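Everything on this sheet refers to the single structure shown next.
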Amino acid sequence: MIKLVTVIGARPQFIKAAAISRAVNTSFSDEIEEIIVHTGQHYDSSMSNVFFNELQIPKEKYNLNIGSGSHALQTANMMIEIEKVVLEEKPDAILLYGDTNSTLSACLVAIKLHIPIIHVEAGVRGYNKRFPEEVNRLVCDHMSSLLFVPSIAGIKSLEIEGLKHKKNGDVISLDNPGVFHCGDIMYDNTLFYKEKIKNRLDSIFSKYDLPKENYILTTMHRPSNVDQNETLESILKALNQLIDSHGKTIVLPLHPRTKNRLDNQPELGPLLNNERLRIIPPVSFLEMIELEENSDLVITDSGGVQKEAYFLKKPCLIMLDETPWIELLESGNAILTGSDYNKIVNGANEFLKKGRLYEFMDMYGDGKASEFICQEIIKAFN
């Protein structure tokens, strides 16, 4: 039996972990034992507990309750507590997702204790080291023994950095890691949960009396968008313009960070008074899938939501200056706008004129990445 310690701490990781945990419990429970450690990086129950319950993620064995803080303080506190868990459990490997401080902390603990690291969603690059996520993913990739890459672009990025795609017969070690193109586990999840919402009795539309069509779904939470009045005002003005010019409703699930900012900036209040701007509390993953699937357009600064929009064949405006998911841009189904008023309005106009036309390209696998990952883990540690 292979013992894995899975470390997660933020909303996107909860969702990703659901895919691997589901595969383990469904097909590999006789070969893999998974122990989940929740760092508490996202400590708001609306951003944490609801995902465990709804996605049926196995209950974490450890909750470290770290909470927020500076990068240094948060990372240090996580390392101290994760090390205690690892020394207690003595796992065969540490399973990590993405690029959060939880991932970085567990990576540093594991490498110092000479425990193999498995990195899911490896190879993602934005080529901008000003972003802490870029630094985190770089460090984790180069410390990992198994790297599971969602896209061909990620494989190419790793090859440039000297991490080669695994060939049959290669011996896997820290100095000769296994690099695999596996597809995207979020595509696995989107397909799986899309079926789950078909017969939901507690629809998000009835819950908040929302329209079931003719709306634009918007999310925003990045500091670059919400921490400064100028950028937040630009986005809100653009959303109001889209309401006025297209007669559509804007559905805006409000992230706690954004809500706190708006609550402390009353001068932005008039931009929130449009009756077609429907602000609702944070939603669960299934509710987000439901909202995405029925929308005409998605506007977001979330890395996960921009991909989910693609999986569900929805055009997307990405309110960032860059995205590591360059395939979305190259396919023509997403546009980078940052917080720029004109780029948001013009991009939305372009997509809304096209209607629901969409060219879907098989860029992120076949929806079975989780099974592939489990199989390769078993091969590597048996």
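We did not get these values from a lab; they are worked out from the coordinates using the rules stated. Just so you know, these numbers come straight off a predicted model, no measurement behind them. Glycine also receives a Cβ, built like all others from the backbone with ideal geometry; neighbour counts cover every protein chain displayed.
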*Note down the Stokes-Einstein diffusion coefficient of segment 77-167 in µm²/s, whole number, using a Kirkwood radius over alpha carbon pairs, 4 °C, and 1.567 mPa s.*
97
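To make sure I understand, if each residue's beta carbon is the centre and we count other beta carbons within 10 Å, what order do SER27, SER70 fall in, fewest to most?
Ascending number of Cβ neighbours within 10 Å: SER70, SER27.
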*222 nm [θ] for the chain, helices only, -39500 (n - 2.57) per DSSP H run of 4+, per residue, to 500?*
-13500 deg cm²/dmol
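My understanding is that a pair violates if its Cα-Cα distance is over 32 Å; which of LYS16/LYS207; LYS129/LYS212; LYS112/LYS314; LYS129/LYS259; LYS3/LYS313 do that in this structure? Intermediate results must be reported in sequence, preceding the final value.
Numbers: LYS16/LYS207 26 Å; LYS129/LYS212 40 Å; LYS112/LYS314 43 Å; LYS129/LYS259 28 Å; LYS3/LYS313 38 Å.
Over 32 Å apart, Cα to Cα: LYS129/LYS212; LYS112/LYS314; LYS3/LYS313.
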*Could you tell me how many degrees, from 0 to 90 and to the nearest 10, lie between the Cα long axis of helix 341-354 and the main elongation axis, the longest principal axis, of the Cα atoms of the chain?*
90
*Convex hull of segment 136-264 built on C-alpha atoms - directionally averaged projected area, nm²*: 12.5
_Between ASN199 and SER70, what is 0.36 nm times their sequence separation minus the Cα-Cα distance? Round to one decimal in nm._
42.2 nm
*When the convex hull of its Cα atoms is projected in every direction, mean area for segment 124-165 (nm²)*: 2.8
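Name the longest site-free stretch of the chain, where the excluded sites are chymotrypsin sites (Phe, Trp or Tyr not before Pro) in a DSSP loop with no more than 11 other beta-carbon atoms within 10 Å.
Numbers: sites that count: TYR127, PHE360.
Counting only loop sites that pass the neighbour cut-off, the longest clear stretch is 128-359.
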*What is the distance, in nm, between label points placed 7 Å from the Cα along the Cα-to-Cβ direction at SER245 and at ASP362?*
3.8
*How much FRET efficiency would the formula 1/(1 + (r/R0)^6) give for TYR208 and GLU267, where r is the Cβ-Cβ distance and R0 is 30 Å, rounded to 0.05?*
0.70
_Computed P(r) (all Cα pairs; segment 199-354; 5 Å bins; percent)_ = 2, 9, 21, 24, 22, 15, 6, 2, 0
*Could you work out how far apart the two model spin labels at LYS84 and LYS353 are, taking each label as a point 7 Å from the Cα in the direction of the beta carbon, and quote it in nm?*
6.0
*Hey, what D do you get for the chain in µm²/s if you plug the Kirkwood alpha-carbon radius into Stokes-Einstein at 25 °C and 0.890 mPa s?*
115
*Extent of segment 1-147 along each principal axis, from alpha carbon coordinates, in Å, largest to smallest?*
42, 34, 29
*With a cut-off of at most 14 other beta carbons within 10 Å, and DSSP calling the residue loop, which GluC sites (Glu not before Pro) in segment 266-295 qualify? Please list them.*
GLU275
